[in-house]
Amino acid sequence: MAGVAERIAELKESRNAVILAHNYTSADVQDIADIVGDSLGLSIAASETDADVIVFCGVSFMGETAKILSPKKKVLLPVPDALCDMAAMCPAEDLRRKKQEHPNAVVVGYVNTTAAAKCQMDICCTSGNALKVVSSIDDDEILFVPDRNLGSYVSEKVSGKRLILWDGCCPIHDRITKEEVLALKQPYPNAPSMAHPECRSEILEMVDHVGSTEDMIRFCRSSDAKEFIVITETGMRHRLEREFPGRAFRFPESAVCEPMKRITPENVLACLENLSGEVLLPEEVIAGAREPVRRMTGMK
Ligand code: 13P
Ligand code: SF4
């Protein structure tokens, strides 16, 4: 009998499917994917693919974003109830009420939100383009949701804007401590260090480079160093080791996003076999969320 990877390859062909995986999924999931990347790269890939079926190996908001960008395609989530903790911190109804308190603010929303919350936004952003998105806005007052850490990083970098921050965060990045980072750096004093902007500002101040998971790949590409300190979720290790054999990457080992790790080659196979886990969104939600997401990706 064919193995899981072979069955996935056969079904991908017969169903004209593409498998997208986020950099935080486990190594064996990244190995069966066609494209592995950050939220921005995968959103663009989802909007450009010719495939009929998109299997999205990521948390549920990522599959929803793919559906918003490609509403005619079948978008499947191997684990539909793998939820991003940060997305859960910004219910659409709470955001609607907050907007009433700040009627003149432009609402910039991180892509790590539900489709319903996106309907309340003016423009979406990811960690890969948040600075560019906020800088491109002419108005001075911005309601930035839901990540207070990314929001405060952006507000320090972009001048002339008043950012009102939502009180949300990624618990996995937010709980990384200064002491942990110091302990990682101590044995490798010359190793370049990088952190995801979902970390707290005191962590971002300690590293050489701040960026999305895909920015981290670019940062490594531009360096000859053999050791790196990487302050983000540990799934990135596989991606980095694959791209840069012979280099070593030190992570805070407790930074594990459990929902991402629930995705396995076996449940990818099951969802391709049964066409299960389909992302189904009401038409009005797709229409309401499409404009802010489309603005973010620069789509027509
Ligand atoms: P990226 O924007 O780097 O893909 O990160 C997404 C995410 O969920 C980080 O926790
Ligand atoms: Fe959400 Fe944090 Fe997991 Fe990213 S790492 S998907 S922000 S819970």
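Tabulated data for the structure shown
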item: Every residue from the range 242-278 that is assigned to a loop (DSSP other than H, G, I, E, B), away from ligand 2 (no atom under 16 Å from the Cβ) and not charged (D, E, K, R); result: Phe244, Pro245, Gly246, Thr264, Leu275, Ser276, Gly277
item: Some residue of the range 14-25 being in contact (Cβ under 8 Å) with a residue 40 or more places away in the chain, over 23 Å from Ala115 (Cβ atoms) and over 14 Å from the mean Cα position of the chain (by Cα); result: yes
item: Filter result for Glu278 (without any contact (Cβ under 8 Å) to a residue 24 or more places away in the chain and acidic (Asp, Glu)); result: no
item: The one condition in (1) touching an Asp or Glu at 6+ places or on another chain (Cβ under 7 Å); (2) at pLDDT 95 or above; (3) within 22 Å of Gly298 (Cβ to Cβ) that Pro171 fails to fulfil; result: (3)
item: Residues (part of a loop (DSSP other than H, G, I, E, B) and either at pLDDT below 95 or aliphatic (A, V, I, L, M) (or both)) located in the range 113-135; result: Met121, Thr126, Ser127, Gly128, Asn129
item: Elements of type strands (runs of 3 or more DSSP E) in the range 33-112, at least 1 residues being within 16 Å of ligand 2 (Cβ to nearest atom) and of a type outside the set (Gly, Ala, Ser); result: 35-37, 53-57, 106-110
item: Which listed residue is in contact with a Leu (Cβ under 6 Å, 6 or more places away or on another chain) and surrounded by 18 or more Cβ atoms within 10 Å (Cβ to Cβ), from Leu272, Leu240; result: Leu272
item: Residue among Ala17, Ala9, Ala5 that is modelled with pLDDT of 95 or more and crowded, with 21+ Cβ neighbours inside 10 Å; result: Ala17
item: The range 15-32, residues that are more than 13 Å from ligand 1 (Cβ to nearest atom), outside any strand (DSSP E or B) and closer than 16 Å to Leu77 by Cβ; result: Arg15, Ser26, Val29, Ile32
item: Flag if Val79 is over 13 Å from the mean Cα position of the chain (by Cα), of a type in the set (A, V, I, L, M) and modelled with pLDDT of 95 or more; result: yes
item: Strands (runs of 3 or more DSSP E) lying entirely in the range 136-237 (those with 3 or more residues that are in contact with a strand residue (DSSP E or B) (Cβ under 6 Å, 6 or more places away or on another chain) and away from ligand 2 (no atom under 14 Å from the Cβ)); result: 141-145, 162-165, 227-231
item: Criterion (among the basic types (Lys, Arg), touching an Asp or Glu at 6+ places or on another chain (Cβ under 9 Å) and at pLDDT 95 or above) met by exactly one of Arg247, Arg237; result: Arg247
item: The range 33-55 - residue that is without any contact (Cβ under 8 Å) to a residue 40 or more places away in the chain and within 20 Å of Pro282 (Cα to Cα) and, of those, nearest to ligand 1 (Cβ to nearest atom); result: Ala46
item: Members of the range 142-197 that are touching a residue at least 60 places away in the same chain (Cβ under 8 Å), in contact with a Leu (Cβ under 9 Å, 6 or more places away or on another chain) and of a type in the set (D, E, K, R); result: Asp147
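The values are calculated or read from the model by the stated rules, or taken from the named source; none is laboratory data. This one's a predicted model, so the numbers in the text were calculated from it and none came from an experiment. As a convention, Cβ positions derive from the backbone with ideal geometry for all residues, glycine included, and neighbour counts pool all protein chains shown.
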